Structure formats: structure tokens, C-alpha cells
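Right, one structure below, let's go through it.
We did not get these values from a lab; they are worked out from the coordinates using the rules stated. Just so you know, these numbers come straight off a predicted model, no measurement behind them. Glycine gets a Cβ as well: all are built from the backbone with ideal geometry, and neighbour counts include every protein chain shown.
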Amino acid sequence: MRFCIIGLGTFGIHLTRQLSREGHEIVAVDNDPGHINALKDEIEYLIQADCTDLNAFHEIPVDACDAVILAIGEDFEASLSIASNLQQLGAKRIISRIINPLHGRLLKLLKIDELMIPEAMAAAWLARSLKTPDVINSLELGGGYEIAQIAAPAALVGKTLQEAELRARYDLNLVTIAKGRGMAALSSTRHAINRVLGIPQPDRCFEADDILVLFGEAKNVRRMMRDYESK
């Protein structure tokens with residue numbers, strides 16, 4: 001996919017690097033030459049421009065991007081001005097960082113509903129990591145359900161899926177098993193999964209470097225992990 005990221009402060013640079021590592025094409029924009037220079041050896045499509053000026057978008061392929069991400073920090077007025085310009089240009093999808101509730105309300109008036117507070121997201125992630133450090137990643141689906149990636153518990157290694165009885169004992173479905181280094185506790189870097197094994201067979205034994213992708217209620221994922229940690 002192609003993403004345009006406007007604003008290359010700390011958050012914008014981290015987001016740019018992460019999306020680039022995941023194989024996406026990035027158009028990165030900032031009006032500060034220092035911010036542009038910080039990415040010159042990593043990102044091919046860098047543009048120095050003041051996006052509060054509608055004319056600056058002549059060289060920014062907004063219409064060719066799957067989403068535009070406003071990663072601007074404290075400059076409240078610039079964020080609103082750029083959001084308005086993007087609306088005029090008919091951007092397919094606009095995602096904006098917000099700095100306070102008023103900022104969010106004003107963006108909603110511009111009909112921009114995909115809003116984020118990176119600091120709050122990071123805090124929520126850290127809280128989950130502190131509570132359950134063996135959860136590599138999770139996607140909350142609502143109603144208490146989630147898809148969770150977890151490192152295979154040591155007590156599970158050598159057992160087959162049939163022997164583990166994850167569905168019968170914990171009402172969990174093992175979606176697949178992946179290989180690759182997981183995320184170290186309290187780390188902000190998640191190493192890419194390099195192999196997915198497909199649909200797990202009942203007679204396959206769990207291995208120490210397995211990453212389990214589970215679907216079920218979050219409370220049951222945690223209960224399973226507590227049970228195996230105590231063995």
C-alpha cells in the first residue's frame with residue numbers, strides 16, 4: 001500500500017520507518033529540512049513542503065495514496081488547515097493525530113473520524129505488556145474477544161495440539177502457528193514473522209520458537225497462560 005505521512009516529528013518518523021519496514025510505499029512530507037534530512041537515506045519519496053498551503057500539494061500525490069496520515073504534533077492550527085486542504089483534494093482516507101479533545105471535535109466537524117492519540121495508544125500497549133508480557137501482539141475485536149499472538153508456553157512444548165485441548169479446556173481456537181522472533185518484554189520493536197505454517201494439524205507437536213495465533217475471549221487467553229506458567 002502507499003501512505004502519505006505529513007509531519008516528521010518523533011511520532012511521524014517512527015511511523016514512517018515502521019510502515020517502510022513492513023513493505024509499504026511511503027510519501028513523507030515535512031516543512032523542516034532537518035526532519036527531511038533525518039530520513040534521506042531510508043525513504044525514497046521525501047518532500048519538503050508547507051502543507052497549510054494548498055498549492056504545495058501539486059507535488060504530493062495525495063490521490064494515489066491509500067491513506068494520508070496527519071502526524072503533526074503540537075501545531076493545532078496547521079493540523080486543521082492541512083486537514084481542510086486534504087478534504088478539498090478528495091483524499092481517499094485521512095487519519096489524524098490529535099492533541100486534545102477540542103482538536104478532535106474540530107476535526108470531526110471536518111468529517112475526519114479516524115483520530116488517534118499516540119501517547120494514549122502507547123500507554124495502553126505498555127499496560128498490556130506489563131500485565132501479560134508473553135502476549136506479543138493482540139487485536140481487540142469487541143465483546144471481550146481478541147486475536148492474540150503469544151509465545152508458546154514452555155510447558156506446552158512437546159505436546160500435540162490434540163493433547164493440549166485448547167478448545168475443550170479454554171474455548172480457544174488456534175488459528176495458525178508462525179515462526180520468527182517475537183517481541184521482547186517492554187520492547188517497542190516487533191521482529192517480523194518470517195514463516196506461517198498454515199492450518200495446524202492435531203498431531204503436530206508445539207516447538208519452543210512457535211508463535212501461537214489464538215482466537216477467543218481475552219480472559220481465556222490469560223487463563224491458559226497462567227495455567228501453563230504454573231506448571
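Things worth noting here:
- The calculated FRET efficiency for the pair ASP41 and GLU119, based on their C-beta separation and a Förster distance of 25 Å, comes to about 0.35.
- Difference of contour (0.36 nm per residue) and Cα-Cα distance, THR176 to GLN48: 41.7 nm
- Extension reserve of the LEU139-ASP227 stretch, reckoned as 0.36 nm per residue once the Cα distance is removed: 29.5 nm
- FRET efficiency for the HIS24 to ASN55 pair, using the beta carbon distance and R₀ = 35 Å, is estimated at 0.80.
- Total lysine pairs in the chain at Cα distances under 27 Å, for residues eight or more apart or on different chains: 13.
- Length-normalised contact order for segment 1-153 - Cα pairs under 8 Å, 6+ apart - percent: 18
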